[in-house]
Amino acid sequence: MRPKNIAALAGAACLAFAASVLGGCGLAGERSQPYGIATTSMAVCQILDRLEIDEVVGIPSAAEDIDLPERYEGVATIGNAMTPDMEILSNINPELVLVPRTLEAGLSAQFANAGIKAQYIDLSSVEGMYDDIDALGRQFGREQQAAAMRAEYETYVEEHRVTAEQPQTVLVLMAYPGGFYLIVTADSYVGSLIELAGGTNVYGKDYVDDGSGVAAVNQEHMIQTDPDKICVFAHYDEENAFAYMRNEIATGELWQSFRAVREGEVYYLSSDDAFGMSANLDWYTAFDFLTETVFAQA
């Protein structure tokens with residue numbers, strides 16, 4: 001990942017100095033050859049930090065709003081995961097950009113047109129995330145760090161997951177503030193986390209063939225699954241999305257057909273507890289909420 005000749009090394013040093021002078025405000029100037037790694041994802045940024053990878057030249061704009069790892073202070077921001085700034089990326093000229101796999105279809109052509117090499121990381125489940133952490137460890141010579149992260153993950157799940165003779169069944173819904181929702185299968189971060197914590201997602205991994213992890217289902221079909229619990233998280237704008245779902249469940253006549261609704265077993269999964277679209281290294285916070293709150297009576 002480092003420059004292979006003295007000229008390139010000198011160029012990289014000059015760029016690093018320019019970046020420090022600019023206070024990380026954006027472009028560090030065009031590199032003579034590709035150097036370093038960029039990522040559009042805050043979750044991947046955190047993974048790279050845990051892998052102790054210093055050669056990071058581009059990070060998501062969301063990093064401006066959080067406590068950034070010290071090793072990445074002053075690094076250029078390149079936009080968000082769904083709309084990375086291709087002009088900034090072209091000027092930074094990284095060897096590689098790491099992107100969530102769910103965005104591959106929408107972004108692969110843009111990266112190709114810009115002549116930027118992209119690699120896609122699985123953030124659709126905790127298990128998939130750690131599989132790709134293992135792969136990144138091998139790719140960048142950080143096998144020891146990756147192995148330590150996997151050991152933490154496996155030990156935590158083994159020690160904290162709910163074990164019951166009859167696992168609780170869960171219907172998972174993703175709410176949108178615009179006034180609709182989708183069911184969430186086990187082929188998704190939240191859907192798979194339900195099963196990791198000891199529950200059973202009523203819509204399993206094979207329900208949606210396209211691997212998106214979400215689908216539209218009519219309410220009669222959902223009623224037939226007879227879930228023990230209903231869990232709702234938001235795609236975005238959590239306040240309004242949850243307000244819509246609370247009103248929908250309280251006033252919709254068919255919702256009263258759900259045993260989980262009648263028994264008060266509806267739970268709202270907040271982003272403050274690390275629930276969202278993509279797996280991340282704060283997954284254990286969401287896991288704890290499930291085991292200590294949703295499945296507490298299991």
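The values are calculated or read from the model by the stated rules, or taken from the named source; none is laboratory data. Model, not experiment: these values are computed from the prediction. Cβ sites come from the backbone with ideal geometry, for glycine too, and all protein chains shown count toward neighbours. The accessibility values were calculated without ligands, DNA or RNA, using every heavy atom of the protein model including side chains. Shrake-Rupley method; radii C 1.70, N 1.55, O 1.52, S 1.80 Å.
So here's what we get for this one:
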read-out: Residue list for segment 282-298, filter: open to solvent by 20 Å² or more (accessible area, probe 1.4 Å) and either small (Gly, Ala, Ser) or more than 19 Å from Tyr156 (Cβ to Cβ) (or both); value: Ala296, Gln297, Ala298
read-out: Count - residues of segment 144-157 that are of a type in the set (Gly, Ala, Ser) and open to solvent by less than 20 Å² (accessible area, probe 1.4 Å); value: 1
read-out: In segment 55-72, residue farthest from Arg142 (Cα to Cα) [restricted to those that are among the charged types (D, E, K, R) and either surrounded by 12 or more Cβ atoms within 10 Å (Cβ to Cβ) or modelled with pLDDT of 95 or more (or both)]; value: Arg71
read-out: Leu182 being over 21 Å from Tyr284 (Cα atoms) and in contact (Cβ under 8 Å) with a residue 12 or more places away in the chain; value: yes
read-out: Conditions (1) open to solvent by less than 40 Å² (accessible area, probe 1.4 Å); (2) free of Cβ contacts under 8 Å to residues at least 60 places away in the same chain: number failed by Ala279; value: (2)
read-out: Hits in segment 177-229 - residues which are of a type in the set (Gly, Ala, Ser), more than 21 Å from Asn247 (Cα to Cα) and in contact with a strand residue (DSSP E or B) (Cβ under 8 Å, 6 or more places away or on another chain); value: Ala186, Ser188, Gly191, Ser192, Gly199, Gly213, Ala215
read-out: Positions within segment 225-252 being farther than 11 Å from Leu171 by Cβ, in a helix (DSSP H, G or I) and more than 26 Å from the chain's Cα centre (by Cα), in sequence order; value: Asn247, Glu248, Ile249, Ala250, Thr251
read-out: Total residues in segment 247-276, condition in contact (Cβ under 8 Å) with a residue 24 or more places away in the chain and open to solvent by 30 Å² or more (accessible area, probe 1.4 Å); value: 9
read-out: Hits in segment 187-209 (condition: part of a loop (DSSP other than H, G, I, E, B), crowded, with 24+ Cβ neighbours inside 10 Å and among the aliphatic types (A, V, I, L, M)); value: Ala197
read-out: Of all residues in segment 163-184 being open to solvent by less than 50 Å² (accessible area, probe 1.4 Å) and more than 23 Å from Met277 (Cα to Cα), the one that is modelled with the highest pLDDT; value: Pro167
read-out: Within segment 192-233, tally of residues that are closer than 23 Å to Glu292 by Cα and either aliphatic (A, V, I, L, M) or in contact (Cβ under 8 Å) with a residue 40 or more places away in the chain (or both); value: 16
read-out: Yes/no for Arg150 being among the basic types (Lys, Arg) and under 13 Å from Leu51 (Cβ atoms); value: yes
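So that you can scan it fast, the table gives a plain yes or no per residue for (1) of a type outside the set (Asp, Glu); (2) open to solvent by less than 40 Å² (accessible area, probe 1.4 Å); (3) touching a residue at least 24 places away in the same chain (Cβ under 8 Å):
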position	(1), (2), (3)
Ile78	yes, yes, yes
Met82	yes, no, yes
Ala114	yes, yes, yes
Gln139	yes, no, no
Arg142	yes, no, yes
